[in-house]
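The next block holds one structure in the form of structure tokens; read it before the comments.
The values are calculated or read from the model by the stated rules, or taken from the named source; none is laboratory data. Treat the numbers as computed from the prediction; the structure is a model and nothing was measured. Ideal geometry is used to build each Cβ from the backbone, glycine not excepted, and the neighbour counts take in all protein chains shown. Surface areas here come from the heavy atoms of the whole protein model, side chains and all, with no ligands, DNA or RNA. Shrake-Rupley method; radii C 1.70, N 1.55, O 1.52, S 1.80 Å.
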Amino acid sequence: MTDAESRADAPEPDPTEVPPAGGGRFPPAARWTVVFIVVMVALIVAIWPRGDDPDPMTSAPPSASGQRPFDAPVDEKRVAEARAAAELPDCPVTGLPESPGSVLAGIVETCLGTGAPYDLGAATAGRPLVVNVWAQWCAPCKTELPYFEEFAAKAGDRVTVLALHAKEGGSNPFFPLTLLTEIGVQLPAVLDTDGRVAAAVNAPRVFPSTVFLRPDGTVAKVYPGVFDSPQEIADAVEEYLGVKVAV
């Protein structure tokens, strides 16, 4: 019998038959590809961020000990020294009647410059309000805050400007006071230790952010971004609050 006749008489392979171990239909290169894919998936699962990991856009990274630097306790003497060095103005009070529809009604936080309680709804009533939300570890905030100080000086009594230090920056006043001294900014500032102000004005957890409020205490605009000049702030105030300020 010839080779051709032998091949013709050989039975057809069973398509349901499992290949023996060590051989099979997959060449070695294909098997190594499968192994590589499995390993890569395992690595991705291992390094994928968990829900309790810090968000680099909204919170400062912890130190090697797991504690964020601005959560460290600071004695009252050092806080008082930092407050004196910052020379922040007292938080403003318009003296105007408060609207019952104000989103800030009944919210009392700490005025950073004095350490005294500050009733935001009553104190800012009746005048357009610009709230710049920041955190002491936020690099863009350090660049932007001087622009708000310059705008506030030009706006005078026509617009109230407040720097709101977010709870994500920590509750200890020492660190934001030190930062403001470092960059030479002297804006009225509020320490939002429990996040009530940010929640009331619907500020996003993105820093910096700026919220524009009408004289009646309602929110006109929430802007989650960075202003690059006092003129940009003035343009936004004119657009959202209808007040023109020459800078």
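List of remarks:
- By the rule of a C-alpha distance below 21 Å, with chain neighbours fewer than 8 residues away ignored, the lysines paired with LYS244 are LYS154, LYS221.
- Computed lengthening from GLU182 to GLU76, 0.36 nm per intervening residue step minus Cα-Cα distance: 36.2 nm
- Taking N as its residue count, the alpha carbon Rg of the stretch 118-247 over 2.2 N^0.38 Å: 0.95
- Label point distance in nm, THR143-THR94, each placed 7 Å from Cα along Cα→Cβ: 3.2
- Kirkwood-Stokes translational diffusion coefficient of the stretch 63-194, alpha-carbon pairs, 37 °C, 0.692 mPa s, µm²/s: 215
- Spin-label model distance (nm) - GLU87 vs GLU238, 7 Å beyond Cα toward Cβ: 3.3
- Net lengthening on full extension, ASP216/ALA246 (0.36 nm per residue, minus Cα-Cα): 8.4 nm
- Counting 0.36 nm for each residue step from ASP194 to ALA105 and taking away their Cα separation leaves a gain of 30.5 nm.
- Carbon plus sulfur fraction of accessible area for the stretch 72-184, probe 1.4 Å, in percent: 54
- Largest-first ordering by accessible area, 1.4 Å probe, given options ASP235, ASP90: ASP90, ASP235
- Per-selection Rg to Rh, the stretch 149-226 - Cα, Kirkwood hydrodynamic radius: 0.95
- Accessible surface computed residue by residue for the stretch 157-233, with neighbouring protein chains in place and a 1.4 Å probe, gives 37 Å² per residue.
- Atom-type composition of the exposed protein surface of the stretch 190-247 places 48 percent of the accessible area on carbon and sulfur (1.4 angstrom probe).
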